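Take a look at the structure set out below.
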Amino acid sequence: MKHRLVIPLLLAVLVFGILPEILQPLGLRLHPYKVAMVDRLQAPSGAHWFGTDSLGRDLLARSLTGTAISLRVVGRAMAVAYVLALCLGGLAGWWNGRWPDRGISYVIALLHTVPFILLVIACTTVFGGSLNAIYFTIGCIMWAAPARLVRAEVMQLRNAPFVRAQRAMGFGPAAIFRCCILPLTFGPPLVALLYLTPEIIGLDVGLSYFGLGAQPPTPTVGRLIFEGASNYSAGWWLPTLPAAVLVLVVVLIHRMIPKGQRSYSPGEGVNE
Amino acid sequence: MKSKPIILIAALAALVGLGLWWLNSRPPSNDGVAGLLQVGLETEITTLDPAKTLDPHVSRVVGQIFEGLVGLDENNEVVPLLAKSWESNAVGDTWTFKIRSGVRFHDSDLFAPEKTRVVTAEDVVFTFNRVFSKDSQIAFVLDGVIKGTEEAKNGEPLAGVKALSPESVQVELQAPDPLFVNRLTSVLLAIVPKEVASLPSGEFGVKTTVGTGPFRVESVNQSEAVLSRNPAYWRETSGNVQKLAFRVIKNEQLRLQELKNGQLDLVRIPVSLADGVVAGVDAGGNVRLKPEWQGFHHSLVRTFNVVFLGFNCPKLDLEFRRAVTLGVNRTELAKLAPGGLIEPAMGPIPLGIAAYEPPFADDIMDLDAAKAALAASSAAAKQEGFDILVHEKDSAEQVGQLLQSQLAKIGIEARLTKLDYNTVIQRMISGEFDSFIMSFEYIYGTPGPIASMLFSPQNIPVPNFTRYDNPQVNALLEGYKSAKGIEAANDIARKIEREVVADPPAAFLFQNKMLLVYPPKLSGVKVNGHSVPLLWEASLAENP
Amino acid sequence: MRCQVRGALRTLLGALSLLAGVVVLAFFLFRVIPGDAARAQLGPTASEESVRALRHDLGLDRPVFQQFVSLIGGLVRGDMGVSSFNRLPVVPQILPRFSITATIGLQAGLIALAVSYGLNLLAWLHPRVGRCVLPLVRAGVVLPVFFTTVFAAVLLGIFFPGVSLSTGAADSGPFTQIVPSLLASLYPVAVMTTVLREKVMTAASSFWTRAARATGMAPSAVFHRALLSPSLVSWIAVWINQISLVFFAAMVLEIILSIPGTGDLLLSAVQRRDYPILQGLLILNAVFFLALATVGDIFYRRFDPRVRP
């Protein structure tokens, strides 16, 4: 049962910890911030593999750096969401039926009903528009779906025979929770969050419409796609090539999740 | 059995392809309607009431329906519209306008039972009074100019505007102004019928819209305004456009596409779309369109606006502001749009104002002087970084990024903070900023009101966002009020501009020209400095 | 039966309490965002006094608690107030836009239903085809909704520029929204096809399927009788869940393509700080989704024998 956690965890570390460290120096070597108006809007060529944007900056450099930045920050959001999901979902599951469960489930349902983007806007204007603040906010909102999974797992495990045996042997509830139940719940929420990665990256695009998100000139994949999509008549390469990078990363993540844990409708499941 | 699935897939793919191809080549829905000119509109229409039209995009629609006493023609000269002629007294503080006779309002039930009525001096007086009523949002245009505006804001009738006879109106000013008539060219001051007083608040411009212009309202909703030609228009016109449809398409790329497909006939190309349409400039300095736009016509016009980097004057000392103003490379900024759409500007007064020549012969950029000024500065921004507020409109973000790289060259570390437009305005009003990038479309057509709006300390914090208070400029603004004649007034304006560069409240960056692109079947399109297209002489050829 | 009614009532009550939470959230959420509706309307050049006058007119200078009370009072009466931007009542402004979004959403949902059914039938009857097509479909699940729809719109624009994506008041009729519906259906098609495929494959190895095939039933009959029936509940449940996602995708599409639906209204209202419209949107949105969730819940209870009432 341990490897329900191990492989997704390794994957998360690889994608969000190691990959950015590889991509960022690579991108920086190609000067993503160097403005060169003479070279603006060049189609992909030998000098610029992805072409240049409207300020003459190399698009490949920006795509690589942007991916690194997006991944690093998404990793932070996921960490926040993961911890929150484990704590709150675990609490709700353990005290199923009593007020902690009622309260937490209520909040989860509320978060699902309100359009995500509005919550993000409201929170970011309170916490500030810096990249870290935004992803902290996203983490604080994204914990809902994985928390449901944790809650369901804990609820199931609470009544499992081995738990009842342990109680009969005299172990206190807190000890049982900590040693035996909680570790079993580590896996599923991590997988669910990994599935939500592309959504979070894509959120950047939505935030740009509201003037939030990464501060210029910092590239993030979402912002690059948004800027490209708003200007594709100036150059087809502007949205398509950064999007190709995003697709690559996302497909990679998806393929690396172990077959048994794949679910094509994440967040589905127990309705109560 | 083995060949069946392949056939199925091929059939499905063919179906999808056919479907897309058919949708692709469907003729535009309004094809075949004779004399219909479809114009792309950037924002929704909430009202067409001239007294509430602060949005420059909607004012282009309003400008087809309404007319003021005077207007601007395509050369930005003041031309008589509803006022046939005017004269002032010797001092220049009392103006008398003679109303053109026989101008009829559009047909409407407002004028039951005759359905229409001739414009009289009473309508003019009513309109000027309405400017200060609760219904209007444009009181600032004439505030402090005409006698009695303070009392008018409290609900009293406007003392300075009187009807001397059904065909003449007298306007008394608080101070002499030789260029008073130029203030009246804006679409906001268009004449409305006095029966509007009988309508419930908010109805005029929404359910009932009546003006004297070349086109009248047929139907209006949030996403489309359809106007039809006014058969009783007072001017002789040569155009054949019968119907004018303004279609709201907020997405710029989509607007461009619809122009290409023939679903729109006239679209304004802002800086952000220029790269998709303009290839560059040819030898004669004319705009050259990209190959896929072969055959399309264009017209490039100077309109009254300016894009600038406003400083927080109390926070940044004179040397720092000067360093930025002299260090910015306006020629490079102009490259943000091909085809000369962007014209570098050193001062706030836009190019193209009739009879006004700015006092700057060359680009004021001077990197050495900028570095020297920076060295002499003691502003906190030197160590802590220089914050620039940008927003999502008018390519502010692009300009900001370019400025950031330019300022780095003279040793200023600039940081961009992007917020949405309204939040930026809030910060500008509350004073929490180092600098901001803003684009202003001017309602005024003369230098004096522009300078006064931006630099008069009475206007702190709105619209003097930079909190500029320069005693020399204040003295010049006073002097402007008593200038004798247009030449003297323009001289003072030039002095103001020079002072405003030496002690800058803002680094004025550039001016946008308005580019209109339209298919070959359309001709006769003209634009004035207020960016209102003059369409009564536009013609659509019979066979495209 | 009584147990089921009680269960349904409990769900309804839960939904209502959630709605109350949304109302409170809707109110305070927007007061948090800086920016002033009056200033947003009048623009940067208007004087402070005219802005103050407008703010007073809109009732925005009253203490927060008073504004909240008047909101609740209005809701009880069924009155959602008037928009700060154009002073017209909120509900008549939202409903026609909502019908556009709903059209796109429902059309997309129907397309998803039809296509996922068709693809699975095809894959069952011709396994080779299934092996080629289904992985492609699964790829659609991987990408975010946001992304797929935006991107498809951009690609359409680049390669098929003649396809009219914007719809103003000029066109009307059931097929004007077909292109946005197709775009919005991409993600649900992917999800539903894959889910149904999973369920079908699980059912395919069951004994009743083997029995059906053994008795010589035609493959399509096997599909409909033995495979579809057990998968139906989960498939429809996913469909109901997808509907809300589809609405979200439709809203994104509206913003990108300038279609006058609720997404477009949401964007403009946020930019203009039009609190009454935002509150109205949030509340009506919540009502709709809660209704959907309640229907889904009741459906689950009624039809899924595994769920105890």
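The table below lists the values:
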quantity: Filter pass, B:Ser201 being at negative phi, surrounded by fewer than 22 Cβ atoms within 10 Å (Cβ to Cβ) and at pLDDT below 85; calculated: yes
quantity: Residue that is surrounded by fewer than 20 Cβ atoms within 10 Å (Cβ to Cβ) and not polar (S, T, N, Q), where the choices are C:Met201, C:Met192; calculated: C:Met201
quantity: Any hit, the stretch B:408-422, residues being buried (at least 21 other Cβ atoms within 10 Å of the Cβ), without any contact (Cβ under 8 Å) to a residue 24 or more places away in the chain and either in a helix (DSSP H, G or I) or out of contact with any Asp or Glu (no Cβ under 7 Å at 6 or more places or on another chain) (or both); calculated: yes
quantity: Qualifying helices (runs of 4 or more DSSP H) (wholly inside the stretch A:114-190; at least 3 residues being more than 14 Å from chain C (Cβ to nearest Cβ) and closer than 25 Å to C:Phe248 by Cα); calculated: A:131-142, A:144-158
quantity: Odd one out for B:Asn240, checked against (1) more than 20 Å from A:Tyr232 (Cβ to Cβ); (2) within 14 Å of another protein chain (Cβ to nearest Cβ); (3) in contact (Cβ under 8 Å) with a residue 40 or more places away in the chain; calculated: (2)
quantity: C:Ile104 vs. criteria under 24 Å from the mean Cα position of the chain (by Cα) and within 14 Å of chain B (Cβ to nearest Cβ); calculated: no
quantity: Subset of the stretch C:1-10 that is modelled with pLDDT under 75 and part of a helix (DSSP H, G or I) - its residue that is surrounded by the fewest Cβ atoms within 10 Å (Cβ to Cβ); calculated: C:Arg2
quantity: Any hit, the stretch A:144-151, residues being in contact with a helix residue (DSSP H, G or I) (Cβ under 8 Å, 6 or more places away or on another chain), farther than 24 Å from A:Val245 by Cβ, modelled with pLDDT of 75 or more and charged (D, E, K, R); calculated: yes
quantity: Pairs with Cβ under 9 Å, 6+ apart, first in the stretch B:122-150 and on the phi < 0 side of the Ramachandran plot, second surrounded by 22 or more Cβ atoms within 10 Å (Cβ to Cβ) and of a type in the set (S, T, N, Q); calculated: B:Gln137/B:Thr53; B:Gln137/C:Gln41; B:Ile138/B:Thr53; B:Ile138/B:Ser186; B:Val141/B:Ser186
quantity: Meets criteria (at pLDDT below 90, closer than 20 Å to B:Phe440 by Cα and touching a strand residue (DSSP E or B) at 6+ places or on another chain (Cβ under 8 Å)) for B:Val301; calculated: yes
quantity: Filtered residues of the stretch B:266-300 (kept if in contact with a Ser or Thr (Cβ under 6 Å, 6 or more places away or on another chain) and not polar (S, T, N, Q)); calculated: B:Val271, B:Gly276
quantity: Contacts under 9 angstrom Cβ, first residue in the stretch C:264-291 being more than 8 Å from every other protein chain (Cβ to nearest Cβ) and surrounded by 21 or more Cβ atoms within 10 Å (Cβ to Cβ), partner of a type in the set (Val, Ile, Thr) and not in a helix (DSSP H, G or I), 6 or more apart; calculated: C:Pro276/C:Val82
quantity: Count of residues meeting criterion [part of a loop (DSSP other than H, G, I, E, B) and away from chain B (no Cβ under 14 Å)] in the stretch A:23-49; calculated: 7
quantity: Residue, nearest to B:Asn422 (Cα to Cα), within the stretch C:31-59, restricted to residues that are hydrophobic (A, V, I, L, M, F, W, C) and more than 7 Å from chain B (Cβ to nearest Cβ); calculated: C:Ala37
quantity: Any hit, the stretch A:72-88, residues being surrounded by 18 or more Cβ atoms within 10 Å (Cβ to Cβ), of a type in the set (Ser, Thr, Tyr) and within 14 Å of chain C (Cβ to nearest Cβ); calculated: no
quantity: Filtered residues of the stretch C:32-84 (kept if among the acidic types (Asp, Glu) and surrounded by fewer than 19 Cβ atoms within 10 Å (Cβ to Cβ)); calculated: C:Glu48, C:Glu49, C:Asp57, C:Asp61, C:Asp79
quantity: From B:Ala493, B:Ala502, B:Ala541, residue being modelled with pLDDT under 85 and either in contact with a Lys or Arg (Cβ under 9 Å, 6 or more places away or on another chain) or closer than 20 Å to B:Val181 by Cβ (or both); calculated: B:Ala541
quantity: Unmet criterion (only one of (1) free of Cβ contacts under 8 Å to residues at least 24 places away in the same chain; (2) more than 26 Å from the chain's Cα centre (by Cα)) for B:Gln426; calculated: (2)
quantity: Flag for C:Ser258 being away from chain B (no Cβ under 14 Å) and among the small types (Gly, Ala, Ser); calculated: no
quantity: Filtered residues of the stretch B:365-392 (kept if under 22 Å from the mean Cα position of the chain (by Cα) and at pLDDT below 85); calculated: B:Glu392
quantity: Residue in the stretch B:279-287 that is under 27 Å from B:Glu537 (Cα atoms), more than 12 Å from chain A (Cβ to nearest Cβ) and touching a strand residue (DSSP E or B) at 6+ places or on another chain (Cβ under 6 Å) present; calculated: yes
quantity: Complete set of residues in the stretch B:376-402 that are within 15 Å of A:Gln215 (Cα to Cα) and in a helix (DSSP H, G or I); calculated: B:Ala396, B:Glu397, B:Gln398, B:Val399, B:Gly400, B:Gln401, B:Leu402
quantity: Search result, residues across the stretch B:429-481 that are touching a residue at least 60 places away in the same chain (Cβ under 8 Å), over 30 Å from B:Lys382 (Cα atoms) and more than 9 Å from chain C (Cβ to nearest Cβ); calculated: B:Glu441, B:Tyr442, B:Tyr444, B:Gly445, B:Thr446, B:Pro447, B:Gly448, B:Pro449, B:Ile450, B:Lys481
quantity: Options C:Ser234, C:Ser244, C:Ser229: the member that is among the small types (Gly, Ala, Ser), modelled with pLDDT under 80 and touching a Lys or Arg at 6+ places or on another chain (Cβ under 7 Å); calculated: C:Ser234
quantity: Long-range neighbours under 8 Å by Cβ, at least six apart or interchain, first residue on the phi < 0 side of the Ramachandran plot and assigned to a loop (DSSP other than H, G, I, E, B) within the stretch C:63-89, second surrounded by 15 or more Cβ atoms within 10 Å (Cβ to Cβ) and among the charged types (D, E, K, R); calculated: C:Ser83/C:Asp274; C:Ser84/C:Arg272; C:Ser84/C:Arg273; C:Ser84/C:Asp274; C:Phe85/C:Arg272; C:Phe85/C:Asp274
quantity: Qualifying residues in the stretch C:19-30 (those that are more than 14 Å from chain B (Cβ to nearest Cβ) and not aliphatic (A, V, I, L, M)) - the one surrounded by the most Cβ atoms within 10 Å (Cβ to Cβ); calculated: C:Phe27
quantity: Helices (runs of 4 or more DSSP H) lying entirely in the stretch B:73-162 (those with 2 or more residues that are over 22 Å from the mean Cα position of the chain (by Cα) and surrounded by 15 or more Cβ atoms within 10 Å (Cβ to Cβ)); calculated: B:121-130, B:149-153
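The values are calculated or read from the model by the stated rules, or taken from the named source; none is laboratory data. None of the values given here were measured: they were computed from a predicted structure. Don't worry about glycine lacking a Cβ; one is built from the backbone with ideal geometry, like all the others, and counts go over all protein chains shown.
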